[in-house]
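Notes follow the structure.
The values are calculated or read from the model by the stated rules, or taken from the named source; none is laboratory data. Fair warning: this is a prediction, and the values are worked out from it, not measured in the lab. FYI the Cβ positions are ideal-geometry reconstructions off the backbone, even for glycines, and counts take in every protein chain you see. Heads up: the accessible areas ignore ligands, DNA and RNA and are worked out on the full protein's heavy atoms, side chains in. Shrake-Rupley method; radii C 1.70, N 1.55, O 1.52, S 1.80 Å.
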Amino acid sequence: MTRIRRERTKSAAIAGAVLAGLLAGAPSTAVAVDAGGDAGPLGRCDRVWVKNVYSYKSKFFGKGPVYSDGPGGKMTLTKIEAGEMGTSITGTVGVSVKAAVAEAKAEVSATAQAKATWTSSHSYEHKIKSNKYGNVQYGVKGHTAKVEKYLTLPDCSKSQRKTGTVKLANKRQGFRYWETNS
């Protein structure tokens, strides 16, 4: 009599766990009970489309002309043109800019945005090492990342996978300075 009650208790616990997962909005998974009465997954996945943005790398996106001065001395830049830089996706991946920006905000930078704009009134000053040339360009300090969209199959494999790259704009903007020999 005790043995039957214990098996019923395990079955009720398994059913309760599956029901709790469904009520909490967790993805549905199949559960099997082995000969010892222990629950385990069957290794099945829902058939859903998955969009993923990953492999973020910091990147400066220069916009407009590169200003040069030297050799040596001081470089002073008093005005640049107004401009903008938008987030863009290359490839036929089927992920929207809005979705890519939302995922980037959650994963890598809260300042990611669909479009960065700036006005025409900026100034910048930098000392140039002797015998070197100073170079300056204005732009956005954003990120590049890889994007993918795929369909999960019941055996958890990926099907109809499409990939691309995304250039993510950012609220962080400014001048980038570097030196060259000529």
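Tell me which residues, restricted to segment 127-174, are open to solvent by 40 Å² or more (accessible area, probe 1.4 Å), farther than 28 Å from W49 by Cα and either free of Cβ contacts under 8 Å to residues at least 12 places away in the same chain or assigned to a strand (DSSP E or B) (or both).
Selection gives K127, Y133, K141, Q173.
If the Cβ limit is 6 Å and pairs must be 6+ apart or interchain, which residue in segment 63-74 that is assigned to a loop (DSSP other than H, G, I, E, B) pairs with which residue that is open to solvent by 70 Å² or more (accessible area, probe 1.4 Å) and at pLDDT 90 or above?
Close Cβ pairs (under 6 Å, with a partner that is open to solvent by 70 Å² or more (accessible area, probe 1.4 Å) and at pLDDT 90 or above) amount to G70/Y133; P71/N131; P71/Y133; G72/S130.
Return yes or no: is A39 among the small types (G, A, S), at pLDDT below 70, surrounded by 14 or more Cβ atoms within 10 Å (Cβ to Cβ) and more than 31 Å from the chain's Cα centre (by Cα)?
Values: among the small types (G, A, S): yes; at pLDDT below 70: yes; surrounded by 14 or more Cβ atoms within 10 Å (Cβ to Cβ): yes; more than 31 Å from the chain's Cα centre (by Cα): yes.
When the stated conditions are applied, A39 passes them.
From V93, V108, grab the single residue that is modelled with pLDDT under 85, closer than 30 Å to Y150 by Cα and touching a Phe, Trp or Tyr at 6+ places or on another chain (Cβ under 7 Å). Reasoning before the result, please.
Details: V93 fails: touching a Phe, Trp or Tyr at 6+ places or on another chain (Cβ under 7 Å).
Going through V93, V108 in turn, the sole match is V108.
Would you check if there is a residue in segment 120-128 being over 30 Å from K146 (Cα atoms) and of a type in the set (D, E)?
The answer is yes, given that some residue of segment 120-128 is over 30 Å from K146 (Cα atoms) and of a type in the set (D, E).
Out of the residues in segment 55-109 that are of a type in the set (G, A, S) and surrounded by 18 or more Cβ atoms within 10 Å (Cβ to Cβ), which is nearest to E125 (Cα to Cα)?
Checking each candidate, the answer is G70.
In segment 82-96, what count of residues is obtained for those that are touching a residue at least 40 places away in the same chain (Cβ under 8 Å) and farther than 21 Å from F175 by Cα?
Residues flagged as touching a residue at least 40 places away in the same chain (Cβ under 8 Å) and farther than 21 Å from F175 by Cα within segment 82-96 amount to 8.
Just to be sure before I move on: is Y124 surrounded by fewer than 18 Cβ atoms within 10 Å (Cβ to Cβ) and hydroxyl-bearing (S, T, Y) in the structure I sent? Outline the logic, then answer.
Working: surrounded by fewer than 18 Cβ atoms within 10 Å (Cβ to Cβ): yes; hydroxyl-bearing (S, T, Y): yes.
So Y124 passes the test.
Among (1) open to solvent by less than 20 Å² (accessible area, probe 1.4 Å); (2) in a strand (DSSP E or B), which single condition is T117 missing?
Condition not satisfied by T117: (1).
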